[in-house]
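Student: Would you mind keeping the following structure in view while I ask a few things?
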């Protein structure tokens with residue numbers, strides 16, 4: 001990890017087209033402004049990890065099935 | 001042997017039926033091509049099925065089981081999928097299904113947004129992510145009604 005120290009209103013530039021600027025420092029919080037091409041996705045790290053974890057748990061093989069609990073309660077189709 | 005094509009309502013694997021997710025989805029960044037399949041026996045669920053890998057995700061229309069769902073999505077995100085008009089934009093949730101069907105959840109924090117006209121999609125985290133759960137229990141209300 002590259003570690004840099006920035007003051008309020010200072011920036012880092014990544015590659016030649018991404019800029020991260022310190023906009024506000026307030027107690028425990030740092031407000032960052034990010035300029036990047038629209039093709040570049042930007043996420044809060046912990047949210048990205050959470051979504052990734054849920055996707056990994058949700059993935060199925062194509063032969064797997066899904067059950068509708070209401071259908072079986074109504075005595076609907078019985079599938080073997 | 002019944003092929004996937006025969007089991008599901010899909011009319012050939014024509015290029016226009018394929019949705020391109022240029023970044024894949026988190027955890028599956030290499031999976032960039034999907035088709036959407038529906039089987040009436042699995043309603044209300046559909047499948048986001050990978051073209052190049054043996055994997056799929058169950059998906060559902062989030063507004064069906066959570067009518068008050070109001071995802072706040074940046075215009076910039078809509079631009080990333082080619083600025084579809086309202087009637088060309090599909091919002092779907094990935095479903096997490098385990099052993100107990102009553103515990104099935106859907107991800108309201110990170111829906112899929114799909115431009116059906118140009119065949120482009122992505123998964124994004126909505127701006128108002130704090131208002132919703134990534135594991136919204138879809139059957140709770142329906143089950144309460146029957147009890």
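The values are calculated or read from the model by the stated rules, or taken from the named source; none is laboratory data. Nothing here was measured: the structure is a model prediction, and the numbers come from that model. Here the Cβ positions follow ideal geometry from the backbone for every residue, glycine too, while neighbour counts run over all protein chains shown.
Student: Only one of (1) buried (at least 16 other Cβ atoms within 10 Å of the Cβ); (2) at pLDDT below 95 fails for residue B:57. Which number is that?
Tutor: So residue B:57 meets the others, but not (2).
Student: Every residue in region B:125-147 that is modelled with pLDDT of 95 or more, under 19 Å from residue B:58 (Cα atoms) and facing chain A (nearest Cβ under 10 Å), please.
Tutor: Those that are modelled with pLDDT of 95 or more, under 19 Å from residue B:58 (Cα atoms) and facing chain A (nearest Cβ under 10 Å): B:125, B:134, B:135.
Student: Let me ask something else about it. Can you say whether residue B:42 is out of contact with any helix residue (DSSP H, G or I) (no Cβ under 9 Å at 6 or more places or on another chain) and crowded, with 17+ Cβ neighbours inside 10 Å, as far as the supplied structure shows?
Tutor: Details: out of contact with any helix residue (DSSP H, G or I) (no Cβ under 9 Å at 6 or more places or on another chain): yes; crowded, with 17+ Cβ neighbours inside 10 Å: yes.
For residue B:42, the condition - out of contact with any helix residue (DSSP H, G or I) (no Cβ under 9 Å at 6 or more places or on another chain) and crowded, with 17+ Cβ neighbours inside 10 Å - is met.
Student: Also: Pick out the one residue from A:72, A:41 that is modelled with pLDDT under 95 and more than 7 Å from chain B (Cβ to nearest Cβ). Can you show your working first?
Tutor: Values: A:41 fails: more than 7 Å from chain B (Cβ to nearest Cβ).
Checking each option against the conditions leaves just A:72.
Student: Does region B:14-35 contain any residue that is more than 9 Å from chain A (Cβ to nearest Cβ), part of a strand (DSSP E or B), modelled with pLDDT of 90 or more and in contact with a helix residue (DSSP H, G or I) (Cβ under 8 Å, 6 or more places away or on another chain)? Walk me through it before giving the result.
Tutor: Restricting attention to region B:14-35, the residues satisfying the condition of being more than 9 Å from chain A (Cβ to nearest Cβ) are B:14-21, B:24, B:29-35.
Applying the additional criterion that residues be part of a strand (DSSP E or B) yields B:19-20, B:33-35.
Still in the running and modelled with pLDDT of 90 or more: B:19-20, B:33-35.
Of the ones still in play, those that are also in contact with a helix residue (DSSP H, G or I) (Cβ under 8 Å, 6 or more places away or on another chain) are B:35.
Checked region B:14-35: at least one residue is more than 9 Å from chain A (Cβ to nearest Cβ), part of a strand (DSSP E or B), modelled with pLDDT of 90 or more and in contact with a helix residue (DSSP H, G or I) (Cβ under 8 Å, 6 or more places away or on another chain).
Student: Return the only residue of B:111, B:62, B:67 being buried (at least 18 other Cβ atoms within 10 Å of the Cβ), more than 17 Å from residue B:34 (Cβ to Cβ) and within 17 Å of the chain's Cα centre (by Cα). Walk me through how you get there before you give the answer.
Tutor: Values: B:111 fails: more than 17 Å from residue B:34 (Cβ to Cβ); B:67 fails: buried (at least 18 other Cβ atoms within 10 Å of the Cβ).
Testing whether each residue is buried (at least 18 other Cβ atoms within 10 Å of the Cβ), more than 17 Å from residue B:34 (Cβ to Cβ) and within 17 Å of the chain's Cα centre (by Cα) leaves just B:62.
Student: Take the residues in region A:8-21 that are assigned to a strand (DSSP E or B) and touching a strand residue (DSSP E or B) at 6+ places or on another chain (Cβ under 6 Å), then tell me which one is surrounded by the fewest Cβ atoms within 10 Å (Cβ to Cβ).
Tutor: If we filter region A:8-21 for residues that are assigned to a strand (DSSP E or B), which is where we start, we get A:11-14, A:18-21.
From what's left, touching a strand residue (DSSP E or B) at 6+ places or on another chain (Cβ under 6 Å): A:11-13, A:19-21.
Working: A:11: 15, A:12: 13, A:13: 11, A:19: 13, A:20: 18, A:21: 16.
Going through the qualifying residues, I end up with A:13.
Student: To continue, here is another question. So if I check each of B:73, B:78, B:91, which one is without any contact (Cβ under 8 Å) to a residue 60 or more places away in the chain, more than 10 Å from chain A (Cβ to nearest Cβ), surrounded by 15 or more Cβ atoms within 10 Å (Cβ to Cβ) and in contact with a helix residue (DSSP H, G or I) (Cβ under 8 Å, 6 or more places away or on another chain)?
Tutor: B:91
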